[in-house]
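To start, the structure under review is shown below, and the notes come after it.
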Amino acid sequence: MTNSLLEMRDLEVAFTLGKQDYPALQQMTFQIGEKETVGIVGESGCGKSLTSLSIMGLLPGTAKITKGEIRLDGKSLVTSSAQQWSGVRGKDITMIFQDPMTALNPLMPVGKQIAEMALLHLGVSRKEARQLALDMMAKVGLSRVDRLYGDYPHQLSGGMMQRIMIAMALICQPKLLIADEPTTALDVTIQAQILNLLRDMNHSTGTAMLFISHDLGVIREVCDRVIVMYAGYMVEEAPVEELLDHPRHPYTAGLLQSLPGADKRGRILYTIPGRVPPLTGRRTGCPFAGRCPSATAICAAEVPQMKKAGEQHLVRCHLVAG
Amino acid sequence: MRFYIRKLAALFLTVLLVSVITFLVFQVLPGDPAQIVLGVDADAHQLAELRKTMGLERPAAERYLSWIKDTSTGELGTSLRYQRPVADILQERLPVTISLAILSLGLTLIIGLPLGIYIARRDGKISALFLSVLTQLGVAVPSFWLAFLLILIFSVTFRLFPTYGYVPWHESPLGALKSLFLPALALAIPGIAVVIRYLRNTLLDQSRMDYVRTARSKGLRERSIMYRHMLRNSLIPVLTIVGLLIADTLGGSIVVENVFALPGLGNLLITSIGTRDLPLLQTLVLYIAFIVVCINFIVDMLYKIIDPRIRLKR
Amino acid sequence: MNRELLKVSGLTKHYPLPRQGLMEKKQVVRAVDGISFRIREGEIFGLVGESGCGKSTTGQMLVQLVKQTEGELYFQGEPVSGLSESRMKALRRDIQIVFQDPYSSLNPKKTIGWTLEEPLIIHRIGDKLQRRKIVSETLEQVGLDASYMDRYPHELSGGQKQRVGIAAALVLEPKFIVIDEAVSALDVSVQSQILNLLKELQEKRGLTYLFISHDLNVVEYISDRIGVMYLGKIVEIFEAGVADKGPLHPYTRALFSAVPDVHKRKEHAVLQGDVPNPIEPPGGCAFHPRCPAVMDICRSEVPQLRKVGSGHEVSCHIYAEGE
Amino acid sequence: MKWKQLVRNKPFVIGASLIGLLLMLMVMSLFYTPYGPNEMNTAMRLAHPQPSHWWGTDNFGRDIFSRIVEGTQTAFLIGVSSVAIGLFFGLFIGAIAGYRGGWTDEVLMRLMDAKLAFPGILLAIMLVSVFGPGLGNTIVALGLMSIPAFARIARSGFIQYKEFNFVKAAVARGAGATRIIVHHILPNIASPIIVAASLRFSGSILAEAGLSYLGLGVQPPDPSWGRMLSEAQPFIVNAPWYVLITGSVITVMVLGFNLLGDGIRDVYDNKS
């Protein structure tokens, strides 16, 4: 295991609705090594985006970290003051988001918004910042960058906008790039271009990546290791081939079986019964107990611990022999 | 370039429509304008005489066209009561109303904008209810009653400002400013309340937008996010409100000028109703409406220039 | 079984752009540019393509929500345009649509029961009692119990709302349903439930679907034949799942190879560039600027859709000789 | 109507209670007022507020409380009538402009822009100067003034909801234009209309007060707070309560309706 760049230990994040605190993330423990691409996959409401926002210290609304630790290069992020945050955010860790069309200030030229990043963190002059931005725009595969520098967000296509976001995120050579469903809003052919670009950037600049997605195919395309999340818990973690070819957690297996595809034509798709419990409706025991075909008494009572189920393969399930 | 042509055409059309409405209300709807001027007990001879001087025998359309031709060439006819060219009367009165409007708009923006930003930034710390009632109170107060209150406090009790009357600028700028301050404040307070509410809500909406989240993820601090990114995006909706405020300010000045007996267009409007001075009334109404239309046009243009999404079609 | 239910010939939809200036020539967005295909009874015809290719507009033209600029539509052999008011209304019973976005496809101020009963009231079917029976039966068929009749849309999850959308389309017992991206907004576990439901209803009621989606895995799973659209034109129609008769058109092949496969990481040639602007489409074959196998003829001449096998048509100059 | 949320919304509750109070006073004034609104008591001129006259008397010795309570009738009448006229014509124009679109939309909207050129009071003054002051003409003038607000809401409502899938689905199922408007579009623009109605109600009251203050609005014997204020102005120094009380009653009523509108917008906006 390369020494860990980012380490999250037993993190818990809760929302306060009215008087009560509802835990949205529990027992989050994982590492990201230098140059490594770790994926987080899960359905909507499982907490994957919340995990990335807690690393960036951008928790929305009433959400706050109630327990646990996040360290970047050994430095704790949870206790950082606003002042310390601005040294980390945008410099050591950067983020790109799902919908590129609304992610930029519509009244400011795109090039200028990239240069703003360099001005803020690299302490360079305005002219140097502009040149750095132009170089970065070329590096992410944009053409006619001089003209593009002055264009406004509404004049660009989805694919071009996402490349601008990537240029902005990588201009200060961050240690970690968080990508929250970066290609979900894009068409298939454009998605392929952006996934290729992200993979190349990871290899060429050595920037570690935390890749969030609901699409298992995209995860396989981009990640080295992957974490499956369900209702605020990590339920399985393993190298991507190992996890997708030999899923050990009933939820992961269920997801893979219910994926439509040419290979399943004419056959009824497997479906996981029931629905994801809402934030306020999460009871004790294993979060998946209500929907798990092989649930037993202990599952409803106790939350299982993450246990080794193979080489670097962890599963949170009572039925899997530790 | 074609964008501006289209806009100018719309402006011209609106002005034309405004003149038609004004002409209809004063010349056509009342049936016999001469009857209106001389009142019920006027005898036939006087009526015939007046109809001739007002050229009422000609068909309405013809009268409208000649009225438009005269007005656009600056020939505004003569006032019945003052027996002086309307143009001169307007010339005297215009500076009062214009300076009142500018002063009150200035107050609105100078006080309203910073306060709106301050409140938005301290959102959550000030109780939303207190804020909502306060700003609604500002809008709910009738401007002329507000004028009374200001007179009671600042003129009667503290003797800081004159209770009424107007000192022309060329005589003494300070005097003019003192005589215009209370009326301008009375007009500005509802405007300030509107600007605060609107700017606060717009800023709160903007703070939930994706581009602000991106700015935060870039490591910008809240203060620079507010001033470098959010403010400009919020000014666009606020600008449209300023356009509406201008119309209300001019409307409000009609009443406030009467409370403080300021010799402006509004005051003239009321007296000319009393004296049934139709030609003056008709031109005065068109004049005020024209000012409002032009200002709205300017605000509309500003709004489009600031927002590249409209200026540069993909 | 496979009597022809629907025939589309030369269907076109051009949206006039507001004229910028007086001198400017009239600009037009060619959303759908002359497409022709047939759908057999009981078949699921998949329609795929990237955003802006015109698949949704096509779907809405088939349901006569959007009036076509040119071309004709035949339902059970009878032309659809030019029908009398009453005849058109009767036709609307047989052709229905299910929309993608579950949040705006149900009237928030009306109960589920009201929404499902409305089509019956419009077509004056049965009395109050009979209508409520039909509604509760239809709800059962889409896996919801009768208690949902008194609920409001905001009380339902995305998956449940989509089931109500399907029920609303079924209540008039249609023959043909346009399914416009009905599953793309749903999570995988909910998506598979809806796909199973659609397949089950299709077999039980002998329905015919036009299944519109940008998700190629879903389309390959559920469709019998697949039509691929690019910039307002159909570039290929082929039988789904028949191994050796796989797609031929360069765009179709690039599209299907670009889809990430959960079973194995594929090294694939990535299609460069962006979809061109529909206001000024490139000359000749609209795909030529991005096509890896571009030839000179492609830049000048527009290829025609030609049969290259049973149920397999392609619009590309490489296959022009009909080999 | 979502009464549960409304009752818990503070601005709505404050607004509703203010208006409830004034409504009670209005109903009471139809049957009983401590003194006749025009009953003069020359011995008690400009008396300060005291047990016999809660809010004091004016320069003719008339009881201010009775006159103000009588004035609530005019205020409510003005409010209701101007909203009714504005709503009826406004919705009609807005619906046609929004639903039909094309050049009808262009023409109607140009008409609304032209109306914008006349600031509220100016339009009322124009009509009153030609047709003479009085309750009837004031109502017509204020009604016309209220039309654009409703037209704009109806138009934007129609344009926006026309694109919603549930409207398209209804059309695809054979629903006619009237059914679409009545069942699908109107219920969904109900809350912005109610908010606009409450704002127009208070706007009209303010406008009437201004007009009557200028002597162009409601004429005697119809009671009017605006006119009372113009009568009270000369005594601002030696009888300040006369001006203060009358003005604050107008403010309270206008505030009440504005808060009502605020409450409804809060409850209905975050839902959509």
**Report entry** Filtered residues of the range B:211-241 (kept if open to solvent by 20 Å² or more (accessible area, probe 1.4 Å) and closer than 23 Å to B:Ile305 by Cβ)
**Finding:** B:Tyr227, B:Arg228, B:Leu231, B:Arg232, B:Leu235, B:Pro237, B:Leu239, B:Thr240, B:Ile241
Report summary line: Within the range C:129-143, residues open to solvent by 10 Å² or more (accessible area, probe 1.4 Å) and assigned to a loop (DSSP other than H, G, I, E, B) come out as C:Gly143
Report task. Pick out the one residue from C:Ile318, C:Ile237 that is outside any loop (DSSP other than H, G, I, E, B), open to solvent by 40 Å² or more (accessible area, probe 1.4 Å), more than 14 Å from every other protein chain (Cβ to nearest Cβ) and not aromatic (Phe, Trp, Tyr). Result -> C:Ile318
Query raised in the report: Restricting attention to the range C:249-280, which residues are surrounded by 15 or more Cβ atoms within 10 Å (Cβ to Cβ), in contact (Cβ under 8 Å) with a residue 24 or more places away in the chain and part of a loop (DSSP other than H, G, I, E, B)?
Result: C:His249, C:Val259, C:Val275, C:Pro276, C:Pro278
Report task. Scan the range D:225-261 residue by residue and report those that are within 15 Å of D:Ile193 (Cα to Cα), open to solvent by 10 Å² or more (accessible area, probe 1.4 Å) and at the interface with another protein chain (Cβ under 9 Å from one of its Cβ atoms). Result -> D:Phe257
Report summary line: Within the range B:129-160, of all residues that are under 30 Å from B:Arg223 (Cα atoms), open to solvent by less than 60 Å² (accessible area, probe 1.4 Å) and over 21 Å from the mean Cα position of the chain (by Cα), the one farthest from the other protein chains (Cβ to nearest Cβ) is B:Leu131
Query raised in the report: In the range D:224-248, which residues are among the β-branched types (Val, Ile, Thr) and either at pLDDT 90 or above or in a helix (DSSP H, G or I) (or both)?
Result: D:Val243, D:Ile245, D:Thr246
**Report entry** Long-range neighbours under 7 Å by Cβ, at least six apart or interchain, first residue outside any strand (DSSP E or B) within the range A:30-53, second open to solvent by 10 Å² or more (accessible area, probe 1.4 Å) and among the acidic types (Asp, Glu)
**Finding:** A:Glu36/A:Asp224; A:Glu43/C:Asp187; A:Ser44/C:Asp187; A:Ser49/A:Asp180; A:Ser52/A:Asp180
Requested in this report: Give me a count of the residues in the range D:105-131 that are more than 7 Å from chain B (Cβ to nearest Cβ), of a type in the set (A, V, I, L, M, F, W, C) and touching a residue at least 40 places away in the same chain (Cβ under 8 Å).
Outcome: 5
Requested in this report: Please find, among A:Met108, A:Met168, the residue that is crowded, with 23+ Cβ neighbours inside 10 Å, within 11 Å of chain B (Cβ to nearest Cβ) and either under 26 Å from B:Ile306 (Cα atoms) or modelled with pLDDT of 90 or more (or both).
Outcome: A:Met168
Report task. Could you check, for the range B:221-232, whether at least one of its residues is over 30 Å from D:Ala239 (Cβ atoms), outside any helix (DSSP H, G or I), modelled with pLDDT of 85 or more and within 14 Å of chain A (Cβ to nearest Cβ)? Result -> yes
Query raised in the report: Does D:Phe235 meet the test of being more than 27 Å from B:Thr157 (Cβ to Cβ) and either among the aromatic types (Phe, Trp, Tyr) or touching a His at 6+ places or on another chain (Cβ under 9 Å) (or both)?
Result: no
**Report entry** Pairs, first among the small types (Gly, Ala, Ser) in the range B:272-295, second buried (at least 21 other Cβ atoms within 10 Å of the Cβ), C-beta under 6 Å, six or more apart
**Finding:** B:Ser272/B:Leu280; B:Ser272/B:Leu281; B:Ala289/B:Val18; B:Ala289/D:Ala117; B:Ala289/D:Phe118
Query raised in the report: Taking the range C:69-106 as the region of interest, how many residues are open to solvent by less than 20 Å² (accessible area, probe 1.4 Å) and touching a residue at least 40 places away in the same chain (Cβ under 8 Å)?
Result: 10
Query - So C:Gly159, is it small (Gly, Ala, Ser) and within 14 Å of chain A (Cβ to nearest Cβ) - result: yes
**Report entry** Flag for A:Ser86 being more than 12 Å from chain B (Cβ to nearest Cβ) and of a type outside the set (Val, Ile, Thr)
**Finding:** no
Query raised in the report: Going by the conditions given, is B:Thr275 open to solvent by 10 Å² or more (accessible area, probe 1.4 Å) and either more than 10 Å from chain D (Cβ to nearest Cβ) or within 19 Å of B:Ile102 (Cβ to Cβ) (or both)?
Result: yes
Query raised in the report: Could you say whether any residue in the range B:179-190 is open to solvent by less than 70 Å² (accessible area, probe 1.4 Å), within 11 Å of another protein chain (Cβ to nearest Cβ) and polar (S, T, N, Q)?
Result: no
Requested in this report: With the condition kept exactly as written, say whether any residue in the range B:172-187 is charged (D, E, K, R), more than 30 Å from D:Leu211 (Cβ to Cβ), assigned by TED's automatic domain parsing to the domain that holds B:Asn296 and out of contact with any His (no Cβ under 7 Å at 6 or more places or on another chain).
Outcome: no
Query raised in the report: Do we have any residue at all in the range A:41-52 that's over 20 Å from A:Glu181 (Cβ atoms) and at pLDDT below 90?
Result: no
Query raised in the report: B:Ile117 fails exactly one of the following numbered conditions: (1) more than 29 Å from B:Val20 (Cβ to Cβ); (2) surrounded by fewer than 18 Cβ atoms within 10 Å (Cβ to Cβ). What is the number of that condition?
Result: (2)
Query raised in the report: Applying the selection to the range D:123-142, what residues are modelled with pLDDT of 80 or more and buried (at least 23 other Cβ atoms within 10 Å of the Cβ)?
Result: D:Ala124, D:Ile125, D:Met126, D:Thr138, D:Ala141, D:Leu142
Report task. Could you check how many residues of the range A:71-94 are closer than 25 Å to A:Met161 by Cα and either in a loop (DSSP other than H, G, I, E, B) or open to solvent by less than 10 Å² (accessible area, probe 1.4 Å) (or both)? Result -> 6
Requested in this report: For D:Ser202, indicate whether it is within 11 Å of another protein chain (Cβ to nearest Cβ), closer than 24 Å to B:Ala261 by Cβ and out of contact with any strand residue (DSSP E or B) (no Cβ under 9 Å at 6 or more places or on another chain).
Outcome: no
Report summary line: If we ask which residues in the range D:27-69 are open to solvent by 30 Å² or more (accessible area, probe 1.4 Å), in a helix (DSSP H, G or I) and more than 20 Å from D:Phe235 (Cβ to Cβ), their number turns out to be 4
Query raised in the report: Scanning the range B:247-272 for residues that are crowded, with 24+ Cβ neighbours inside 10 Å and not in a helix (DSSP H, G or I), which turns out farthest from the other protein chains (Cβ to nearest Cβ)?
Result: B:Gly264
Query raised in the report: Residues D:Thr72, D:Thr57: which one is in contact with a strand residue (DSSP E or B) (Cβ under 9 Å, 6 or more places away or on another chain) and at pLDDT 85 or above?
Result: D:Thr57
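The values are calculated or read from the model by the stated rules, or taken from the named source; none is laboratory data. Just so it is clear, the structure is predicted and the values come from calculations on it, not from any experiment. Note: ideal-geometry Cβ built from the backbone for every residue, glycine included; neighbour counts use all protein chains shown. Calculation scope for accessible area: heavy atoms of the full protein, side chains included, ligands and nucleic acids excluded. Shrake-Rupley method; radii C 1.70, N 1.55, O 1.52, S 1.80 Å.
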